[in-house]
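All remarks here apply to the structure that follows.
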There are 2 protein chains.
Amino acid sequence: MDVLSLTYGQFQTVYNVLSFALASMIATTVFLLAAMGRVLPRYRQAIIVSAIVTLIAAYHYWRIFNSFEAAYVAVGEGDPLAEGRTIMDVTYALVAGEGFNEGYRYVDWILTVPLLLFEAIAVLALAPLVRRGLMLKLIPAAIAMIVLGYPGEISADTTTKAIWGALSTIPFLFILYVLFAELSKSMRTQPEQVRKDLNGLRWLLLATWGVYPISYMFPMFGFDGPDAFVWRQVGYSIADVLAKCWFGLLIYKIAREKSRYDSPQFAEDEFKEAPSSMGGDRA
Amino acid sequence: MDVLSLTYGQFQTVYNVLSFALASMIATTVFLLAAMGRVLPRYRQAIIVSAIVTLIAAYHYWRIFNSFEAAYVAVGEGDPLAEGRTIMDVTYALVAGEGFNEGYRYVDWILTVPLLLFEAIAVLALAPLVRRGLMLKLIPAAIAMIVLGYPGEISADTTTKAIWGALSTIPFLFILYVLFAELSKSMRTQPEQVRKDLNGLRWLLLATWGVYPISYMFPMFGFDGPDAFVWRQVGYSIADVLAKCWFGLLIYKIAREKSRYDSPQFAEDEFKEAPSSMGGDRA
């Protein structure tokens, strides 16, 4: 499944979407670390882990960006900028011996996906036994899901892809069962707004994680070549930004709400309308 | 609209102005993160977001700077530094196949412009419903403004540019309406000095954002080639420094004033003249 040549527009699309994902990961990491002190101590573990997830992803997007840049070289017949030609006539060819390394994505996922599930549970500050029970189900399942997907990803054979894809789907469905059935018991005791946000978190996870198997199945539907390559890079990048940055910011929002609910002092300091916004008749 | 060759002076101007913008973005990011603790907790969200805006811009200026440096190569007949020639005789030619990537600016704007409006509202610490109402108007309008501008920016056709430019102007005018008409209601309850600074903030936004459409329209007035390229880079860079660094520092000033107004303890700790500055006759 080699993509030997890209048009100028295809190259620029992948280039800019990878850069967008990298910028989003860096910005979210710094935001979460800077904002960590704005939740009660018991919720800071979840915020730190969210920042570590986007940091790991930033590292991998930096590698993926550099790998993509090094893998393609601009070519054109004769001088690409000769009379009558524009930059749009440039095409990009795969450099002999250089490959665009997709392995970075799997290394990223094997580190970040268990951590994403960890932060979702950590922010609830459940009783230790309940938390432990949920983690012991979710984290091994997340690792199994990614490890089982990899042999199919690197295989060119449709049957091999289908078998490993099906095996990988089993732990994915188990994760969904735990999040949508078992977690609901623990959610009943949470404040109203937190329940709403947790529900949003689950659906965000389902919607963004759904992008990966769809992209995985492209070659099984005969969708291959440069267009499939560009769509896969764009899809993975946007899914990663939503599943890591947006997800982390939702975790932060839940931690803020829970802090407000837990501590009247916190609610007063952080959420009370400022006297300076309520009119000039301050005594 | 290819700029195939730049003089020594043109190249140096763009090179140095991009470096100036990068330095300003890094410095403002670190300043705001370091100074975050010097406002009351309820205003820190606005300061952190201001720092994230300049951080994202720093990332993109670093990329733009590198892209510019890689896109041009020094050329001269024979040895450019031979007898009788000076450094001023060097010219810079576009490297075949390398393009100076303007896409970075749009990726930057799509991330930072909604955040700039977010910080301007967040620093007011308004009642949640009022704040939410303003954000729901400003942020989608900001995204629409940038997305609608892009097809015109990359098109070489004057009519296409004019159509997309006009479409992009609609959300821009809506943003101005919200900031100059609707926001004024919320401003009435703010302390006198805060009202003055908020007014300054609105005019800074109008003045700096005005640079972008002017630069966008250069080719429509037949102003093209190397001079237009240099003016556009200088204009965008200075507008970005004002719209992000200066804007962020103004947000910080407003947060300081509001903190002083809200808390007598804060006013005492931060603003009271120090005993050590009041002469030696302290009892």
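The values are calculated or read from the model by the stated rules, or taken from the named source; none is laboratory data. Every value quoted in this text rests on a predicted model; they were computed, and no experiment measured them. Note: ideal-geometry Cβ built from the backbone for every residue, glycine included; neighbour counts use all protein chains shown. Ligands, DNA and RNA are stripped out before the accessible areas are found, and what is left, the full protein with its side chains, is counted by its heavy atoms. Shrake-Rupley method; radii C 1.70, N 1.55, O 1.52, S 1.80 Å.
Any idea what angle helix B:103-122 forms with the longest principal axis of chain B, computed on alpha-carbon atoms, 0 to 90 degrees, nearest 10?
That helix lies at roughly 10 degrees to the long axis.
Which value in nm describes the separation of the simple spin-label points at A:Tyr261 and A:Leu167, placed 7 Å from the Cα toward the beta carbon?
Placing both labels 7 Å beyond Cα along the Cβ direction yields 4.1 nm.
Might you report the magnitude of the Cβ-based charge dipole of the range B:103-221 about its Cα centre, with Lys and Arg at +1 and Asp and Glu at -1, to the nearest 20 debye?
Approximately 400 debye in magnitude.
Between chains B and A, what is the buried accessible area in Å², counting both sides, with a 1.4 Å probe and ligands, DNA and RNA left out, to the nearest 100?
Its buried surface, counting both partners, is about 3100 Å².
Which GluC sites (Glu not before Pro) in the range B:185-282 sit in a loop by DSSP (not H, G, I, E or B) and have at most 13 other Cβ atoms within 10 Å of their own Cβ?
In loop regions of the range B:185-282 (DSSP not H, G, I, E or B), the sparsely surrounded GluC sites (Glu not before Pro) are B:Glu273.
What are the extents of the Cα atoms of the range B:156-231 along their three principal axes, in Å, largest first?
49, 25, 11
Ratio of the range B:88-191's C-alpha Rg to 2.2 N^0.38 Å, to two decimals?
Against the empirical 2.2 N^0.38 Å value, I get 1.46 for the range B:88-191.
Simple spin-label model, 7 Å along Cα-to-Cβ: B:Phe221 to A:Phe223 in nm?
Inter-label distance under the simple model: 4.6 nm.
Just to be sure I follow the definition: excluding the sites themselves, where is the longest run in chain A that has none of the trypsin sites (Lys or Arg not before Pro) in a DSSP loop with at most 15 other Cβ atoms within 10 Å?
A:86-187
PRE reach from A:Leu94 (point 7 Å along Cα→Cβ): which of the range A:216-247 fall under 11 Å by backbone N?
In the range A:216-247, the label zone of A:Leu94 (backbone N under 11 Å from the point 7 Å along Cα→Cβ) covers A:225-226.
Round to a whole angstrom and tell me the spacing of the C-alpha centers of the range B:129-165 and the range A:5-82.
Taking the Cα centre of the range A:5-82 as reference, the centre of the range B:129-165 is 24 Å away.
Which percent of the accessible area of the range B:206-245 is formed by carbon and sulfur heavy atoms (probe 1.4 angstrom)?
79 percent
At 1.4 Å probe radius, can you tell me the per residue accessible area of the protein assembly as shown in Å²?
In whole numbers, the protein assembly as shown has 46 Å² accessible per residue.
Carbon and sulfur together cover what percent of the accessible area of the range B:118-175 at a 1.4 Å probe radius?
76 percent
Considering protein heavy atoms only and a 1.4 Å probe radius, which residues within the range B:47-76 exhibit an accessible-area decrease of no less than 30 Å² in the full assembly relative to the chain by itself?
Residues shielded by partner chains are B:Ile48, B:Ile52, B:Leu55, B:Tyr59, B:Arg63.
Kindly express, to the nearest 10 degrees and within the range 0 to 90, the angle between helix A:158-177's C-alpha long axis and the longest C-alpha principal axis of chain A.
With rounding to tens, the tilt is 10 degrees.
Find the relative contact order for the range A:142-263 and round it to a whole percent, using C-alpha pairs within less than 8 Å whose residues are 6+ positions apart.
Averaging sequence separation for qualifying contacts and normalising by length gives 25 percent for the range A:142-263.
Calculate how steeply helix A:8-35 sits against the longest principal axis of the alpha-carbon atoms of chain A, using the helix alpha-carbon long axis, and give the answer as 0 to 90 degrees to the nearest 10.
Approximately 20 degrees, to the nearest 10.
Compute a Gaussian network model of chain B, connecting alpha carbons closer than 10 Å, and tell me which residue from B:Ile143, B:Ile64, B:Ile154 fluctuates the most.
In the Gaussian network model the winner is B:Ile154.
Using a Förster distance of 41 Å, how high is the FRET efficiency between B:Tyr177 and A:Lys185, based on the Cβ-Cβ distance and rounded to 0.05?
Working from the Cβ atoms, E equals 0.25.
Relative to the compact-globule scaling 2.2 N^0.38 Å, provide the ratio for the alpha-carbon radius of gyration of the protein assembly as shown.
With N residues counted in the protein assembly as shown, Rg over 2.2 N^0.38 Å equals 1.08.
Between A:Ser155, A:Ser67, A:Ser24, where does the largest GNM mean-square fluctuation fall for chain A, given springs only between Cα atoms within less than 10 Å?
In the Gaussian network model the winner is A:Ser155.
Show me, for the range B:248-259, the HN-Hα J-couplings you get by feeding each phi into the Karplus relation (A = 6.51, B = -1.76, C = 1.60, θ = phi - 60°), rounded to Hz, glycine and proline as x.
Per-residue couplings from phi come out as x, 5, 5, 4, 4, 4, 4, 5, 5, 5, 5, 4 Hz.
Rg and Dmax in Å for chain B, alpha carbons only: what are they?
22.7, 80
So which residues in the range B:24-44 end up with at least 50 square angstrom less accessible surface once the other protein chains are there, compared with the chain by itself, probe 1.4 angstrom?
B:Pro41, B:Arg42
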